[in-house]
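The values are calculated or read from the model by the stated rules, or taken from the named source; none is laboratory data. Since we're looking at a predicted model, the values are computed, not measured. In this analysis, Cβ positions are derived from the backbone assuming ideal geometry, glycine residues included, and neighbour counts consider all displayed protein chains. Remember, those area values only see protein heavy atoms, side chains included, never the ligands or the DNA or RNA. Shrake-Rupley method; radii C 1.70, N 1.55, O 1.52, S 1.80 Å.
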Amino acid sequence: MLNKKSNTILTKNGYRLIDKMKEDVSSYAPGRRRLWLFHEANLGNPPTTKAAHFDKFWWDLGQRLYPGCQIALLTFGGETENFSSDARISWHRDHSYAMPCALGISFGAKAIFGYDYSRQSGDKRKIKLAPGTIFQFDCKHLHAVLKHDPGRFSIMYWKLRLDGRYPGLKICKKISSLL
């Protein structure tokens, strides 16, 4: 759990990038605004990656908390002068571009995270995320953001699946030089 000062710093850095966010294309997250960081995953079949927005603050934080991560997704739930964003996402498993371990930080406001402790579905639970909560989970289990208060941000960090199964998953030169 991050302290109040750290939560404030993360929230300021989230708002700093809010104008770069785009509407999410996922059918699981209608009305959500998001920004891919470091790499953007094309969730087609087969999946591919391309270079995405690079931000040193979020890169350094990711490498401190989850060394070797190469892709992140920043999302926002709330209202600004320019748009409204719903940060909820329905039950889903993360696409095969990512390794199973995901690390998330929920900040800015409270949220309810849903997680199925059984990979075969059947042990769904609700987990309260206070602002500043850092959590790690198997993203191949069903999970969701069921509810959030206005002003909630989330950043999720993953490692790309680079086992050769999907040749389109590549690390761009800038990120490769930093790892």
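Among the residues of segment 94-103, at least one is part of a strand (DSSP E or B), surrounded by 18 or more Cβ atoms within 10 Å (Cβ to Cβ), touching a strand residue (DSSP E or B) at 6+ places or on another chain (Cβ under 6 Å) and modelled with pLDDT under 95.
Within segment 8-25, being surrounded by fewer than 17 Cβ atoms within 10 Å (Cβ to Cβ) and in contact with a helix residue (DSSP H, G or I) (Cβ under 6 Å, 6 or more places away or on another chain) holds for no residue. I'm checking my understanding of the structure. Among residues of segment 30-60 that are free of Cβ contacts under 8 Å to residues at least 24 places away in the same chain and in a helix (DSSP H, G or I), which one is farthest from residue 84 (Cα to Cα)? For segment 30-60, the residue satisfying everything is 60. Every residue in segment 64-82 that is surrounded by 15 or more Cβ atoms within 10 Å (Cβ to Cβ) and of a type outside the set (A, V, I, L, M), please. Within segment 64-82, 66, 69, 70, 75, 76, 77, 78 qualify.
Applying the criterion of being in a loop (DSSP other than H, G, I, E, B) and closer than 22 Å to residue 18 by Cβ to the residues of segment 83-93, the residue that is least open to solvent (accessible area, probe 1.4 Å) is 87.
Close Cβ contacts (under 7 Å, 6 or more residues apart or on different chains) running from residues in segment 83-96 that are in contact (Cβ under 8 Å) with a residue 12 or more places away in the chain to residues that are part of a loop (DSSP other than H, G, I, E, B) and open to solvent by 50 Å² or more (accessible area, probe 1.4 Å) comprise 89/28; 90/28; 92/28; 95/43; 96/161. Could you please find all residues in segment 138-167 being open to solvent by 30 Å² or more (accessible area, probe 1.4 Å) and in a loop (DSSP other than H, G, I, E, B)? Correct list: 149, 150, 159, 161, 162, 163, 164, 165, 166, 167.
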